[in-house]
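All remarks here apply to the structure that follows.
The values are calculated or read from the model by the stated rules, or taken from the named source; none is laboratory data. Quantities reported herein were computed from a predicted structural model and do not represent experimental measurements. Neighbour counts run over all protein chains shown; Cβ positions are idealised from the backbone, glycine included. These accessible areas exclude ligands, DNA and RNA; they are computed on the full protein's heavy atoms, side chains included. Shrake-Rupley method; radii C 1.70, N 1.55, O 1.52, S 1.80 Å.
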Amino acid sequence: MKKTVNKIKAASLVLAMCIASLTGCGKEEKREKEFYRPDKETEAATVTDATVTDAKTEESTEEEVIVNDSNTLVVSLDGIVINITPFFRGESVYDFEAFDMVNVCLLESDREDQYITMGKTGETRNYNGTDYTYYGIADMTTSQNDDGTYNYNFDLRDDIYFSDGERLTADDAIFSLYVILDPSYDGYYSYLKGRKIKGLDEYINGKSVNEESGNEEPVASIEGIKKTGDFSFCITTTVNYSNFNFVVAPLHYYGDLSKYDYDNNSFGFDKGDLSKIHEKDSMPLGAGPYEFIKDDNGTFYFKANEYYYKGVPKCEKLIMIGEREGFYLDKIYDGITDIAKTNYSLEEKNSIEAANSNGEITGDKVTTFTEDNMGYGYLSMSANRVKVGEDRASVESKNLRKAFMTLFSVYRDESVDAYYGDTAHVINYPVPDSSWAAPQKGDVGYEIAYSRDVNNNVLYDENTPQEERVAAAKTASLGYLEAAGYVVENGKVVSAPEGASMEYEIWIYAGGSIYHPLYNAIINAQNDLAEMGISLVIVDGDVTGEDLWTAINEERVDMWCGGWYTLSSPNMRNEYYSGINPEDPEAEIIKNHMCIADAELDKLIIESEKSSDRDYLKTVYKKSYDIVLDWGVELPAYQRMNALVISTERVNLDTLPDVTPYYEWYREIEKVEKK
């Protein structure tokens, strides 16, 4: 790893988080015949549910003590992994890291997170003056048809194998896509249903209208998904998209081979019933560099995938430890773990410097590489829970939420600085500052988040003393509450309007600790609100990431602190799209975490997916950010740095790649060696 790549500010950021998968098929007899282990004479085998059960039983008898030897790479994750299955992966950075050990996507990306469209043949890209060649499992070409539709043609390598030795084909891709586009699917890749794939709406509805007769006809397949060969397929859309990327899962493992017959519109499961896919939730299988063995209470065990297309990993075993208490640095110092990705707080920076005899972040004990985090911290609210009356979009509801956000915002600088020091900074828009799509100071319309009162007057600027800022924010907060319908007497709230409350909760997940970058800001706001007569209850302590996200999805949380993981260009569909249709008030609204439902925002999100012109997109994104902030559902808080901390004593540093915020160390994990 070159030390010149210590800190990299990426020029681009995508929200389009790796669009979900296409997978495949073949009749059972054919698949068993193709079940092939390279360089081995092995009889065909079929993975069954019994195989999974036996594996689990066998695992339970294994020694649980972690042994860190020269053949084992032990990695600490800065949080608990929730799910790494291809269809129902978790949404945290830690889930992404563990997910990538087991699974593969159709397209790889480069060090600026731009997709490699010729991965099968190899593609060379320059970054900071150095040429890097990237490989993936497929080539993707696009073309426009005479009727105005667009084709995305995928040509797969024919030498990709899942970790059980089964060959990956176009059938696996088609199976996966049908799972994701199933009407009952509600996993990570649900947003793919928003893509205008030809015939998708008719398939989801189960019927179409014959243009000639006007009669309704049943629809059993998606017109825009075509298998064009054993290792090729095509997706046709009515809208031009800047990218298409998918995770590919094995049909023979997650699906039912007896129910896969592409020519007869059968795709490996019964439409509307994903129960068989869920049966494998605890035992994922894919074509990634490692094969999953078990999850032992948050510690994930893997073994090298001997069929991995980039080469068998040098380290035979991999252990990923989900850290609940944040003791990962001590574990590296003590020889228990080898690598940790930390959020690089001021406390952690001091600890690293103390561990090395030279008092620096790189020395005899550990080597540290820093980079901008490809994501940001935020504080959010549920528009369905923090509102006035029944209308979450009303001016009164927005004013209620802004009353809280105005106070939280004014305390961000002090709170973030106390936690991170110079390793993080406050941001004012819901996108990392390092993104090309982020508004910058000096841009027209740039301003501090929630720094205006209910009459749109500016409260303060960056040069205003903190004491004056706080006084202005407290006055403005009370003004917002009064405008929301609260009764205020002598500077104190005495009653709430219908549908609103005198008490709200905020959940803080901090790895089992109340110490959080925004904790001081929340405490200060809590005290101010108490003076006004509003109670803010903090839920923290033993709250886990899984607890928090389960409660958010069930709409049991008023407010919470969290962090987004982003890629090179904002994909706002994941977090803000609602599918609201002004012409059809009864249309079903797609639920997002903040429960925002705004027709204008939806239009902007759709527009952003049609263009690759960054100058144009910056204007579209700025309008989108302003709408999100006007709803009062999100307070952008900070962008921090990451620290990749590696044992100088145990890891061969020359075997790690040059990293960037969008090209993690584990992207070439098959090359990593121990000393």
Residue hits (the range 507-537; free of Cβ contacts under 8 Å to residues at least 60 places away in the same chain, within 26 Å of Ser92 (Cα to Cα) and touching a strand residue (DSSP E or B) at 6+ places or on another chain (Cβ under 6 Å)) are Trp507, Ile508, Val537
Name the residue, out of Tyr577, Tyr616, Tyr565, that is open to solvent by 10 Å² or more (accessible area, probe 1.4 Å), among the aromatic types (Phe, Trp, Tyr) and free of Cβ contacts under 8 Å to residues at least 40 places away in the same chain.
Tyr616
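One line per residue, one yes/no per condition, for (1) surrounded by fewer than 17 Cβ atoms within 10 Å (Cβ to Cβ); (2) at pLDDT below 95; (3) under 34 Å from the mean Cα position of the chain (by Cα):
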residue: Asn428; (1), (2), (3): no, no, yes
residue: Val431; (1), (2), (3): no, yes, yes
residue: Lys492; (1), (2), (3): yes, no, no
residue: Ala530; (1), (2), (3): yes, no, no
Just one of the numbered conditions (1) charged (D, E, K, R); (2) part of a loop (DSSP other than H, G, I, E, B); (3) buried (at least 18 other Cβ atoms within 10 Å of the Cβ); (4) within 22 Å of the chain's Cα centre (by Cα) is not true of Lys341; which one?
(2)
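Can you find a residue in the range 206-217 that is open to solvent by 10 Å² or more (accessible area, probe 1.4 Å), assigned to a loop (DSSP other than H, G, I, E, B) and either at pLDDT 90 or above or closer than 27 Å to Met101 by Cβ (or both)?
yes
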Per-region count, the range 639-656, residues assigned to a strand (DSSP E or B), out of contact with any Asp or Glu (no Cβ under 6 Å at 6 or more places or on another chain) and modelled with pLDDT of 95 or more
2
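So which residues in the range 263-288 are assigned to a loop (DSSP other than H, G, I, E, B) and out of contact with any Pro (no Cβ under 9 Å at 6 or more places or on another chain), if there are any at all? Break it down stepwise before answering.
Looking only at the range 263-288, we keep the residues that are assigned to a loop (DSSP other than H, G, I, E, B), and these are 265, 268-274, 279-288.
Selection gives Asn265, Gly268, Phe269, Asp270, Asp273, Leu274, Glu279, Lys280, Asp281, Ser282, Met283, Gly288.
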Of the conditions (1) open to solvent by 20 Å² or more (accessible area, probe 1.4 Å); (2) under 30 Å from His516 (Cα atoms); (3) of a type in the set (A, V, I, L, M), the single one that Leu653 does not satisfy is (2)
Filter the range 164-187 down to the residues that are within 26 Å of the chain's Cα centre (by Cα) and surrounded by fewer than 24 Cβ atoms within 10 Å (Cβ to Cβ) and list them by number.
Leu181, Asp182, Pro183, Ser184, Tyr185, Asp186, Gly187
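Condition check ((1) touching a residue at least 40 places away in the same chain (Cβ under 8 Å); (2) over 22 Å from Gly286 (Cα atoms); (3) more than 23 Å from the chain's Cα centre (by Cα)) across all residues:
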| residue | (1), (2), (3) |
| --- | --- |
| Phe96 | yes, no, no |
| Asp100 | yes, no, no |
| Asp113 | yes, yes, no |
| Thr117 | no, no, no |
| Glu123 | no, yes, yes |
| Tyr134 | no, no, no |
| Thr141 | no, yes, yes |
| Thr149 | yes, yes, yes |
Checking the condition surrounded by fewer than 19 Cβ atoms within 10 Å (Cβ to Cβ) and in a helix (DSSP H, G or I), which residue from Ile552, Ile538, Ile522 passes?
Ile552
Criterion first (closer than 25 Å to Tyr576 by Cα, acidic (Asp, Glu) and open to solvent by 50 Å² or more (accessible area, probe 1.4 Å)) does Glu360 satisfy it?
no
From the list Glu348, Glu353, exactly one residue is out of contact with any Lys or Arg (no Cβ under 8 Å at 6 or more places or on another chain), open to solvent by 40 Å² or more (accessible area, probe 1.4 Å) and either part of a loop (DSSP other than H, G, I, E, B) or not small (Gly, Ala, Ser) (or both). Which is it?
Glu353
Output for the range 251-262, where each listed residue is within 25 Å of Thr141 (Cβ to Cβ) and either open to solvent by 20 Å² or more (accessible area, probe 1.4 Å) or in a loop (DSSP other than H, G, I, E, B) (or both):
Tyr262
Going by what's in this entry, would Ser415 be described as in contact with a Leu (Cβ under 6 Å, 6 or more places away or on another chain), buried (at least 20 other Cβ atoms within 10 Å of the Cβ), assigned to a loop (DSSP other than H, G, I, E, B) and among the polar types (S, T, N, Q)?
no
Residue list for the range 400-437, restricted to those being under 13 Å from Val633 (Cα atoms) and among the aromatic types (Phe, Trp, Tyr)
Phe404, Phe408, Tyr429
Consider Asn399 against the criteria (1) open to solvent by 10 Å² or more (accessible area, probe 1.4 Å); (2) of a type outside the set (D, E, K, R); (3) assigned to a loop (DSSP other than H, G, I, E, B); (4) under 19 Å from Tyr486 (Cα atoms): it satisfies all of them except one. Which criterion is unmet?
(3)
Here is a list of conditions, (1) aliphatic (A, V, I, L, M); (2) in a loop (DSSP other than H, G, I, E, B); (3) open to solvent by 20 Å² or more (accessible area, probe 1.4 Å), and Ala383 meets all of them except one; can you say which number that is?
(3)
Output the number of the condition that Thr228 fails; it satisfies all remaining conditions of (1) out of contact with any Cys (no Cβ under 7 Å at 6 or more places or on another chain); (2) surrounded by fewer than 16 Cβ atoms within 10 Å (Cβ to Cβ); (3) not acidic (Asp, Glu); (4) not in a helix (DSSP H, G or I).
(1)
How many of the residues in the range 72-85 are assigned to a loop (DSSP other than H, G, I, E, B) and either modelled with pLDDT of 95 or more or under 13 Å from the mean Cα position of the chain (by Cα) (or both)?
4
Look at the range 115-136 and say how many of its residues are open to solvent by 80 Å² or more (accessible area, probe 1.4 Å), at pLDDT 95 or above and part of a loop (DSSP other than H, G, I, E, B).
1
